[in-house]
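Just below is one structure, and these are the notes that go with it.
The values are calculated or read from the model by the stated rules, or taken from the named source; none is laboratory data. Since the model is a prediction, treat every value here as computed from it, not as a measurement. Here the Cβ positions follow ideal geometry from the backbone for every residue, glycine too, while neighbour counts run over all protein chains shown.
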Amino acid sequence: MGKVAKATVSLMIVTMLSKILGFGRELVLGALYGATVYSDVFIAASNIPKVLFTLVATALATTFIPLYYENLREGGEEKALRFSNNILNITIILGIILSTISFIFAEPIVKIFAMGFKGETFKQAVLFTRIIIFGAIFTGLSDIMKSYLQSKGSFTIPGLIGLPYNIILITAMILSVLLDNIYILPVGALFAMASQFLFQVPFAYKKGYKYRLFVDFKDEYVKKMLILVAPIVVGVAVDQINIMVDKTLASTLVEGSISALNYADRLKGFVTGMFIASISAVVYPQFSRLSALVDRTEFFDFIRKSINSVIIIIMPMTIGAMVLSEPIVRILFQRGAFDARATQMTAVALIFYSIGLIGVGLRDILTKIFYSVQDTKTPMINATIAVVMNICMNLLFIRYLKHAGLALATSLSSIICITLLFRSLKKKIGDFGQRKIIVVFIKTTFSAIIMGGVARFVYNIIFGALGTGFVMEVIALGTAIIVGAGVYALLIMLLRVDEVSMITDIVKKKLKRK
């Protein structure tokens, strides 16, 4: 696991930098606009192209890597490059068509995505959407370029695309206030989306990429991609429908509900984006390689270690986010227009989102395992079931818990999804070490609960002794996190969780190289 470990750690480091800057973006948005109608409009409009285009972009990018390697084996670099340009140009055509249609039908689309918006708020949302929507063309191009670089063994550059994206958005947010022009926000979002693709192009050329104006819809690999893509599109589509339903229902609640859910989701996304996405991006090619071996012992062992590594990382973050949600949100966001009310709403949403962190983390890994054995239908079916249940729970929980109910429904549906995926995977490939995974889950959950209790106790003691104030609360929270992390690390070592030694070895080797 040497090369995989090194690539994973490198990707985690650059992703962390990108996520920290992403947090900076949310801090700026929160400080300048808080949880108000303006932030609701911007967030809702920004999510529309993501929902409409992510399903196509994700499906194409997921199937690109194995088909690129197949072209490389059969015809060398020339054929692989021809395939890459064909897919890139087809993506451009599809993006232009979908963007134009979305521009024309922006009003009914906004009504679907934010049915609670009325009057001037609705008009602003429509205009924001029409500006941002063409940036979605670059979403597909960025994912294709990312897959190309990953197929060349470059994981760091794709992990850095959040840097120009966040810098441009932060600049746009500040300018929109300084110039008193709210419409700078969607224009900034448009340029930010384009930057993710343009940032990767020079590095792709260094890896041997050369653009050619070439389109062939009849190419055998395009047909093969369409066959593989279909279930992925459906699976991603139901997931995006789920997001759409959440935002639509949130738009019917009190002002700031969409923003509170968004800020809490960003905090959750920091964990999944930095750790889980990094692991998933690196292990996917390994899953594909090992699954083709006659002796699958190494494949099963790699599956178990990958899953257990995610569990070890996610569980303490889950409990920590739940017991320290309010001080975390207050320190990160409460300033300017982001008041105590916004903090309370976001903290509650964070607690309920945290419940499903383990589901979000493991779903990505399990899905990649199915893709590696050329099964794209099972994740689609399980995702569809989970989303239907999520929508049903949304309608039930929103009556009693308001926006927090939407977060809880999302968490429970993700847990249901991984439960179904685990059962399906066992039927698909047999015993891959489920008992050892359950043992690790029990040990880490126990350790994380003890850690959470200790962390909260330490925070209360120190905060009570130091008194109020931003600096005092930072000291209290920082100390609580450090002590809690130490307690967790000690407990999982005492309980002899095998993967701990593997993770520490990876970190030690990386530090020695540095």
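Name the residue, out of 427, 443, that is charged (D, E, K, R), more than 28 Å from residue 397 (Cβ to Cβ), over 27 Å from the mean Cα position of the chain (by Cα) and modelled with pLDDT of 85 or more. Write out each step before concluding.
On the way: 443 fails: over 27 Å from the mean Cα position of the chain (by Cα).
Of 427, 443, the one residue that is charged (D, E, K, R), more than 28 Å from residue 397 (Cβ to Cβ), over 27 Å from the mean Cα position of the chain (by Cα) and modelled with pLDDT of 85 or more is 427.
Taking the range 446-465 on its own, how many of its residues are under 27 Å from the mean Cα position of the chain (by Cα) and of a type outside the set (S, T, N, Q)?
Count: 6.
Among the residues of the range 399-407, is there at least one that is aromatic (Phe, Trp, Tyr), part of a helix (DSSP H, G or I) and free of Cβ contacts under 8 Å to residues at least 12 places away in the same chain? Steps first, please.
From the range 399-407, those aromatic (Phe, Trp, Tyr) are 400; that's our starting set.
So of that shortlist, the ones also part of a helix (DSSP H, G or I) come out as 400.
Right, trim to free of Cβ contacts under 8 Å to residues at least 12 places away in the same chain and you get 400.
Yes, because at least one residue in the range 399-407 is aromatic (Phe, Trp, Tyr), part of a helix (DSSP H, G or I) and free of Cβ contacts under 8 Å to residues at least 12 places away in the same chain.
Being more than 27 Å from residue 93 (Cα to Cα) and loosely packed, with under 15 Cβ neighbours inside 10 Å is the filter; apply it to the range 176-221 and report the residue that is nearest to the chain's Cα centre (by Cα).
Start the filter on the range 176-221 by keeping residues that are more than 27 Å from residue 93 (Cα to Cα), which leaves 176-184.
Of the ones still in play, those that are also loosely packed, with under 15 Cβ neighbours inside 10 Å are 178-181, 183.
Values: 178: 31, 179: 33, 180: 32, 181: 30, 183: 27 Å.
The selected residue is 183.
Looking at 393, 380, 345, which one is modelled with pLDDT of 85 or more and in a helix (DSSP H, G or I)? Outline the logic, then answer.
Details: 380 fails: modelled with pLDDT of 85 or more; 345 fails: modelled with pLDDT of 85 or more.
Being modelled with pLDDT of 85 or more and in a helix (DSSP H, G or I) holds for just one of 393, 380, 345, which is 393.
Condition first: of a type in the set (Ser, Thr, Tyr), touching a helix residue (DSSP H, G or I) at 6+ places or on another chain (Cβ under 7 Å) and in a helix (DSSP H, G or I). Now tell me which residues in the range 190-233 satisfy that.
The first filter runs over the range 190-233 and keeps only residues of a type in the set (Ser, Thr, Tyr), leaving 195, 205, 209, 211, 221.
Narrowing further to those that are touching a helix residue (DSSP H, G or I) at 6+ places or on another chain (Cβ under 7 Å): 195, 209, 211, 221.
Answer for the range 190-233, where residues must be of a type in the set (Ser, Thr, Tyr), touching a helix residue (DSSP H, G or I) at 6+ places or on another chain (Cβ under 7 Å) and in a helix (DSSP H, G or I): 195, 221.
Going by the structure shown, is residue 65 among the β-branched types (Val, Ile, Thr), part of a helix (DSSP H, G or I) and either out of contact with any helix residue (DSSP H, G or I) (no Cβ under 7 Å at 6 or more places or on another chain) or modelled with pLDDT of 85 or more (or both)?
Numbers: among the β-branched types (Val, Ile, Thr): yes; part of a helix (DSSP H, G or I): yes; either out of contact with any helix residue (DSSP H, G or I) (no Cβ under 7 Å at 6 or more places or on another chain) or modelled with pLDDT of 85 or more (or both): no.
In short, no.
Report whether or not residue 318 is among the β-branched types (Val, Ile, Thr), modelled with pLDDT under 85, in a helix (DSSP H, G or I) and crowded, with 19+ Cβ neighbours inside 10 Å.
no
Could you please give the count of residues in the range 90-134 that are outside any helix (DSSP H, G or I) and in contact with a Ser or Thr (Cβ under 9 Å, 6 or more places away or on another chain)? Even if it seems obvious, please write down each step before you answer.
Step one: filter the range 90-134 for residues outside any helix (DSSP H, G or I), giving 105, 114-118.
Next, only the ones that are in contact with a Ser or Thr (Cβ under 9 Å, 6 or more places away or on another chain) stay: 114-117.
Qualifying residue count for the region: 4.
Taking into account only those residues within the range 339-366 that are touching a residue at least 60 places away in the same chain (Cβ under 8 Å) and either over 28 Å from residue 404 (Cβ atoms) or among the polar types (S, T, N, Q) (or both), which is surrounded by the fewest Cβ atoms within 10 Å (Cβ to Cβ)?
Filtering first and then ranking leaves 354.
Which of the residues spanning the range 408-428 are free of Cβ contacts under 8 Å to residues at least 24 places away in the same chain and farther than 20 Å from residue 353 by Cβ?
The answer is 423, 426, 427.
Might you check whether a residue that is closer than 24 Å to residue 224 by Cβ, of a type outside the set (D, E, K, R) and in contact (Cβ under 8 Å) with a residue 40 or more places away in the chain occurs anywhere in the range 383-394? If you could, list the steps in order and put the result at the bottom.
Within the range 383-394, the subset closer than 24 Å to residue 224 by Cβ is 383-384.
From what is left, the residues that are of a type outside the set (D, E, K, R) are 383-384.
Within this subset, residues satisfying the condition of being in contact (Cβ under 8 Å) with a residue 40 or more places away in the chain are 383-384.
So far as the range 383-394 goes, yes, one or more of its residues are closer than 24 Å to residue 224 by Cβ, of a type outside the set (D, E, K, R) and in contact (Cβ under 8 Å) with a residue 40 or more places away in the chain.
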